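Encoded as structure tokens, the structure appears first; notes follow it.
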Amino acid sequence: MPYTIKVNGKMQTVDVEADTPLLWVLRDMLGVTGPKYGCGVANCGACTCLLDGHTAILTCSFPVAKAAGHEVTSIEGLANGDVLHPVQEAWIEEDVAQCGYCQPGQIMTAVALLAKKPHPTDDDIDAIPNVCRCATYFRIRAAIKNAAARLG
Ligand code: FES
Ligand code: FES
């Protein structure tokens, strides 16, 4: 059945089974490879994107049918043209990434957290479930605080 989703500002229609994970659609059908496959079972956060600009979703476990009629933003859609999102700027300034695999998901999760809580506490940041095998957690914390300051 066809499903229409706005992905990074562009309307896309895909003809797939209703329970096809959104991550498969993004990566394999639309070529949106920022969101990564990590665990496939909603545990690691590598596949995180935003739904309707502010809610973090784990696309490996999010059926495409639930995304129909909504807007999905991946890391590719976060910058405004050549202007990086403040969270991306903060990530660069704090030199967060190591191997980088988890980082698109970390950044999208941080954007969602800051949308909900503009000045998150250490506990809020520690509650982020995203996994980083390179253990960049301290730099992620610094970058989220850096981004919070940038966003005012
Ligand atoms: S790949 Fe989606 S949460 Fe791990
Ligand atoms: S930077 Fe390597 S897994 Fe996070």
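Among the numbered conditions (1) open to solvent by less than 60 Å² (accessible area, probe 1.4 Å); (2) under 23 Å from Ala115 (Cβ atoms), the only one that Thr4 does not meet is (2).
Residue count for segment 26-49 satisfying the condition of being away from ligand 1 (no atom under 13 Å from the Cβ) and closer than 19 Å to Ala65 by Cβ: 4. Screening Ala143 on (1) under 21 Å from Leu23 (Cβ atoms); (2) within 13 Å of ligand 2 (Cβ to nearest atom); (3) crowded, with 19+ Cβ neighbours inside 10 Å shows it passes everything except condition (1). Within segment 35-61, if we keep just the residues that are open to solvent by less than 30 Å² (accessible area, probe 1.4 Å) and touching a residue at least 40 places away in the same chain (Cβ under 8 Å), the residue that is farthest from ligand 2 (Cβ to nearest atom) turns out to be Leu50. The residues listed here are Val96, Val32, Val83, Val64; of these, the one that is crowded, with 20+ Cβ neighbours inside 10 Å, over 15 Å from the mean Cα position of the chain (by Cα) and either more than 16 Å from ligand 2 (Cβ to nearest atom) or within 20 Å of Gln12 (Cα to Cα) (or both) is Val64.
The values are calculated or read from the model by the stated rules, or taken from the named source; none is laboratory data. Everything numeric in this text was worked out from a predicted model, so none of it was measured. Don't worry about glycine lacking a Cβ; one is built from the backbone with ideal geometry, like all the others, and counts go over all protein chains shown. These accessible areas exclude ligands, DNA and RNA; they are computed on the full protein's heavy atoms, side chains included. Shrake-Rupley method; radii C 1.70, N 1.55, O 1.52, S 1.80 Å.
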